[in-house]
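The block underneath contains the structure these notes are about, expressed in structure tokens.
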């Protein structure tokens, strides 16, 4: 099945670059000055012969300016991901978020049996230091990082098909072949979603300086000691430029993104345009338009809001929330900001997750009783949550695959157990053995201990809304006679407890639930990671039964159905497996949804253009990264 450039892109290339003349390309003034000074090659020598053409949202932009955003996390770019861009091998169409299109990979061939994939890279792309981006950079990641047991002691599950690691072979300077032990239909989705630097390719010319297969042992040992490390792989890791959302580790590492991180301070990070960036607009202007990205580190969400409404930044999305909507509308105009109303691809803003591997055997038995889980779901007044937290703009629903009316959508399934029915909830709680009450007005467990649940969670990404929902849920469940203790925790602390199955309940929003991206990791529906609320079941699956805890049959069925969805070449079979998976999950309800499809306010400077007025936001596409931020520009 030959894939080639889509027609619209082909037409753009012919219109702009017919004849391949150097005069077709323009560049930013700051780069033209460097060319004039002899510090950079001419723009036509820095671009591929056929650069990728980006369709702008509003209009052809102007060069220049510093784009300001914020982060509340010293280890995370937060809003930086919305403007710095990301470059996977393939990419999703920004309009539908589903269609796979070329990016670093120009074209591909997938064998009829789904076991062999050939990737043809876009010839002429260069790293930010001017070195060619070639098949060697994919092979270095595969041979020298993935297969190196010191760098990658545990091979990612997605690299294995039928228990065997995929094979990668270099066919030419710009072509590689992937071979799988069985059909692997979802590999194209992965290449479009997460096949970025560090995850599928690395700059061999740079990182091989720190790898024992390329450096004499005595020289490498001396470098390791000089830098204060104990092992070579520690030095190697420190020399990598981390992913697009993990902060700046090594600004010296080259990148293929639109912006190159250049420095970090106690106040934040700075990224400058990549002079070798390989995309242009339809008039041949090399992107990005903006000269510089500044990510300012702020104390908390409250300071974030204050700075946004003071007009001190150009874009704010990561820590905005609908409960502040009236505040935004009151002050945004004076701050020179627009309030855009995007939608979220989340079926639930707060999904409550049971610890199905609870270390208390009495609590474990209670949580494993599906009637208990259904009772708690029926005890939530989602209509009230929608009105009080989301001004009636959301949709009460369970955790189901989006979009509505998509191939996995079932209206009845999305509403199952979402009606507010405290009478039925109380009946079910009595039936599961919680029919005795203590003097404090709460139910007693079968062993006579108080029925108390701790909800442990980190209030990040829409934290104020998560907090408001949880306060209401606490009230609803206490009305049913269950004592609820809510504990907000720092994210790392929460992670440690969750990995150890040392918690009662937790919560998070349901990102990565859009078709087809959820197929890569449906952790809200299947315990594929420790985040799923059953770390021992996850361990059993990932170790192929060698360790962990054997899950019940319905969970094993979920694992099987997920494997079918990842590998089947039949769309009909994928849809059937997905719908069966959803029915099993909803019938057993090992987590509870609340309200989803809510709006997400995005604050944008009036002078920042080419940001779409409406859109669909989720981690599935790394928020605004979906909309090609390299074409955002500042009106001067």
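Here, each number is a calculation from the coordinates, and none is a lab measurement. Just so we're clear, the structure is a prediction, and the values are computed from it rather than from any experiment. Glycine gets a Cβ as well: all are built from the backbone with ideal geometry, and neighbour counts include every protein chain shown.
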Completion exercise
Listed with the fewest Cβ neighbours within 10 Å leading, 325, 408, 354 appear as 325, 408, 354
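Over 26 Å, how big is the tail of the calculated P(r) for region 104-231, in percent of all Cα pairs?
27 percent
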Fill in the blank from the handout: At R0 = 41 Å the Cβ-Cβ FRET efficiency linking residue 150 and residue 569, nearest 0.05, sits at 0.70
Exercise for the section: Any chance you could check the Cα centroid distance between region 276-335 and region 100-144 for me, in angstrom? Expected result: 33 Å
Exercise for the section: With a/c under 1.5 counting as rounded, go ahead and sort region 140-199 into rounded, prolate or oblate using the C-alpha gyration tensor (a ≥ b ≥ c being the square roots of the eigenvalues; past the cut-off, prolate if a/b is larger than b/c, else oblate). Expected result: rounded
Problem - FRET efficiency, 1/(1 + (r/R0)^6) with R0 51 Å, evaluated for residue 606 and residue 360 via beta carbons - result: 0.35
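Before anything else, pin down the relative contact order of region 317-407: Cα pairs under 8 Å, at least 6 apart, normalised by residue count, whole percent. Mind dumping the intermediate values first?
Details: 40 pairs, mean separation 28.9, N = 91.
About 32 percent, as a whole number.
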Fill in the blank from the handout: Going fewest to most other Cβ atoms within 10 Å around each Cβ, 211, 368 line up as 368, 211
Practice task
Please report the relative contact order for the chain, taking Cα pairs under 8 Å with a sequence separation of at least 6, and give it as a percent rounded to a whole number.
Solution key: 20 percent
Exercise for the section: Rounded, prolate or oblate: pick one for region 199-304, where a ≥ b ≥ c are the square roots of the eigenvalues of its C-alpha gyration tensor, a/c under 1.5 means rounded, and failing that, prolate if a/b is larger than b/c, else oblate. Expected result: oblate
Exercise for the section: Taking the Cβ of each residue in 366, 592 as the centre, tally the other Cβ atoms inside 10 Å and list the residues starting with the fewest. Expected result: 366, 592
Handout entry: Cα-projected label distance for residue 36 with residue 162, points at 7 Å along beta-carbon direction, nm
Key = 6.3 nm
Exercise for the section: Could you tell me what percent of the DSSP beta bridges with both partners in the chain are antiparallel, to the nearest 5? Expected result: 75 percent
Fill in the blank from the handout: In degrees rounded to 10, the 0-90 angle between helix 422-431 Cα long axis and the longest Cα principal axis of the chain is 70 degrees
Exercise for the section: Take the alpha carbon atoms of region 580-635, find their center, do the same for region 422-480, and report the distance between the two centers in whole angstrom. Expected result: 31 Å
Practice task
Using all C-alpha to C-alpha distances in region 351-596, build P(r) with 10 Å bins and read off the rounded percent in each one.
Solution key: 7, 31, 37, 20, 4, 0
Fill in the blank from the handout: For the pair residue 129 and residue 544, the simple spin-label estimate (label points 7 Å beyond Cα toward Cβ) gives in nm 3.9 nm
Fill in the blank from the handout: Relative contact order in percent for region 351-596 (Cα pairs under 8 Å, 6+ apart) equals 28 percent
Exercise for the section: Could you pull the Rg and Dmax for region 396-529, using just the Cα atoms, both in Å? Expected result: 17.2, 51
Practice task
Measure off 7 Å from each Cα along the Cα-to-Cβ vector at residue 556 and residue 410, then give the distance between these two points in nanometres to one decimal.
Solution key: 2.3 nm
Exercise for the section: Please work out the C-alpha center-to-center distance from region 527-546 to region 356-402 and express it in whole Å. Expected result: 22 Å
Problem - Helical contribution to [θ] at 222 nm, DSSP H n ≥ 4, -39,500 (n - 2.57), averaged over the chain, rounded to 500 - result: -8000 deg cm²/dmol
Handout entry: Over the chain: Kirkwood hydrodynamic radius from C-alpha pairwise inverse distances, Å
Key = 26.3 Å
